[in-house]
Amino acid sequence: GTPGIKVLMPALSPTMEEGNIVKWLKKEGDTVNVGDALCEIETDKAVVTMESSEEGILAKILVEEGSKNVRLGSLIGLLVEEGQDWKQVEIPADAGVPSSVAPPAPAPAPAAPSVSAPPKLQHQPGKLQVRLSPAARNILETHGLDPSNVTPTGPRGIFTKEDALKLLQEKQKGKPSELKPVVSPAPASVPSPSQAPAMTSYPRPAIPPVSTPGQPAALGTFTEIPASNIRRVIAKRLTESKTTIPHAYAAADCAIDAVLKLRKELAKDDIKVSVNDFIIKATAVTLKQMPDVNVTWDGEACRRLQSIDISIAVATDRGLITPIIKDAAAKGIKEIAASAKALAKKARDGKLLPEEYQGGSFSISNLGMFGISGFTAVINPPQACILAVGRARPELRIVEDEEGNEKLEQHQLMTVTLSSDGRVVDDELASKFLETLKANIENPMRLALN
């Protein structure tokens, strides 16, 4: 065989421990140059394209599309050098879990068709074929076990050593294996024939009962939704934030009449900016005036950051992600609007680069567009603050004119709520920050909006 160049699961984010292979962008036999996109990998934060650091021919894909939770450094494929026979690539013995699969037992070379392979796989005539890993085959043959009633858990429906050991345990306990509720869903690849019986064997005894499509739900049924890597990281970070950071909250009502008026003026010149863009700009200017709030906490000490980088919370179908508007105080309102729009689109398409969502010195989360009047947000560590923005609402206020006469006036008010880390931003500083922010939002002409 030809020795292969190993392709390993790369670390595509600093917190990544495992990833899912979403899609292979090259086929076996394709030529690969340095920098070519090999496959798309879902990390704990986004779907990232993995580029090849080697050149050659993609000889073997060892971890198929749809494979979940592939550990860092696992062997996922093999290349061979240009001009070598890629079909003859040697598969290393230590090829991690997926490759203990052994090539799916067609004869290696057409010259000598091996006859012994099919009957061995057939196991028992009349039963569906089950694809066995070599270790599993050994256990089954030694103990005379029948694998056809058990749903395989390996990649591409392969019956693994663990499945065989489970079956052996059940046999020794004298427990029929058909009662085993199928919990681990097979990878999202094409179900192999061996999975078909499990799919159709409704109703099956399962504890707790699993809901059956197309039938009324029995009492206590549920649908299990596996958490994506991204959701798992969000859950971990939210829990860490809420349990380790002393959150303090303060809210203020800002009148946004002047912002709405200025927005209309700009629209006449065909400059389209949202109220949120004004809030980003006003926040950045306030942080410039009050650098003690532009801080992070690293567990030991408070760091005051030089650059004002504002993370904006964007909801995507994969979960919440916070792309960053870098150096926001130095950007004009048009530039902020363009950045916010472009980053939100990239976030929703899953195309953000790590440097576009990692870091940041202050976060803003706006739920006004969902009709929320006010809320409190969870701090995004290691940042010290997050600003939660509600919707604009009309309210009547009593105001005095120059002669001291009182009259009722309608204003558009918006509630902003600051969550701050009490270890670095105390209540007095948080209150002053909100007071300054309110003045900046209510007088947008101060903000140097160029």
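The table for this structure:
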{"quantity": "Out of Q358, Q289, sole residue that is of a type outside the set (S, T, Y) and closer than 26 Å to A227 by Cβ", "calculated": "Q358"}
{"quantity": "Residue that is farthest from L434 (Cα to Cα), among those in segment 247-278 that are in contact with a strand residue (DSSP E or B) (Cβ under 8 Å, 6 or more places away or on another chain) and open to solvent by 60 Å² or more (accessible area, probe 1.4 Å)", "calculated": "Y249"}
{"quantity": "Residues located in segment 37-47, provided they are open to solvent by 30 Å² or more (accessible area, probe 1.4 Å) and without any contact (Cβ under 8 Å) to a residue 60 or more places away in the chain", "calculated": "A37, E40"}
{"quantity": "Test for V378: is it open to solvent by 10 Å² or more (accessible area, probe 1.4 Å), closer than 30 Å to G359 by Cα, touching a strand residue (DSSP E or B) at 6+ places or on another chain (Cβ under 9 Å) and not in a strand (DSSP E or B)", "calculated": "yes"}
{"quantity": "Criterion (open to solvent by less than 10 Å² (accessible area, probe 1.4 Å), over 22 Å from V233 (Cβ atoms) and either outside the structural domain of Y357 (by the TED database) or in a strand (DSSP E or B) (or both)) met by exactly one of G77, G29", "calculated": "G77"}
{"quantity": "Pair list, Cβ under 6 Å, 6 or more apart: segment 25-36 residue more than 16 Å from L62 (Cα to Cα), other residue open to solvent by 40 Å² or more (accessible area, probe 1.4 Å) and not in a loop (DSSP other than H, G, I, E, B)", "calculated": "G35/E51"}
{"quantity": "Matching residues, segment 7-17, being of a type outside the set (A, V, I, L, M, F, W, C) and either free of Cβ contacts under 8 Å to residues at least 24 places away in the same chain or surrounded by fewer than 16 Cβ atoms within 10 Å (Cβ to Cβ) (or both)", "calculated": "P14, T15, E17"}
{"quantity": "Pairs, first hydroxyl-bearing (S, T, Y) in segment 249-275, second open to solvent by 40 Å² or more (accessible area, probe 1.4 Å) and at pLDDT 95 or above, C-beta under 8 Å, six or more apart", "calculated": "Y249/T376"}
{"quantity": "Residues of segment 291-311 satisfying the condition of being out of contact with any Cys (no Cβ under 8 Å at 6 or more places or on another chain), farther than 20 Å from E240 by Cα and of a type in the set (A, V, I, L, M, F, W, C)", "calculated": "L305, I308, I310"}
{"quantity": "Residue count for segment 51-63, restricted to those that are surrounded by fewer than 19 Cβ atoms within 10 Å (Cβ to Cβ) and either assigned to a strand (DSSP E or B) or within 20 Å of the chain's Cα centre (by Cα) (or both)", "calculated": "1"}
{"quantity": "Yes/no for V80 being in contact with a Gly (Cβ under 6 Å, 6 or more places away or on another chain) and at pLDDT 90 or above", "calculated": "yes"}
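The values are calculated or read from the model by the stated rules, or taken from the named source; none is laboratory data. These numbers were taken from a predicted model, which means no experiment stands behind them. We place every Cβ from the backbone using ideal geometry, glycine too, and count neighbours over all the protein chains shown. Heavy atoms of the whole protein, side chains included, go into the accessibility calculation; ligands, DNA and RNA do not. Shrake-Rupley method; radii C 1.70, N 1.55, O 1.52, S 1.80 Å.
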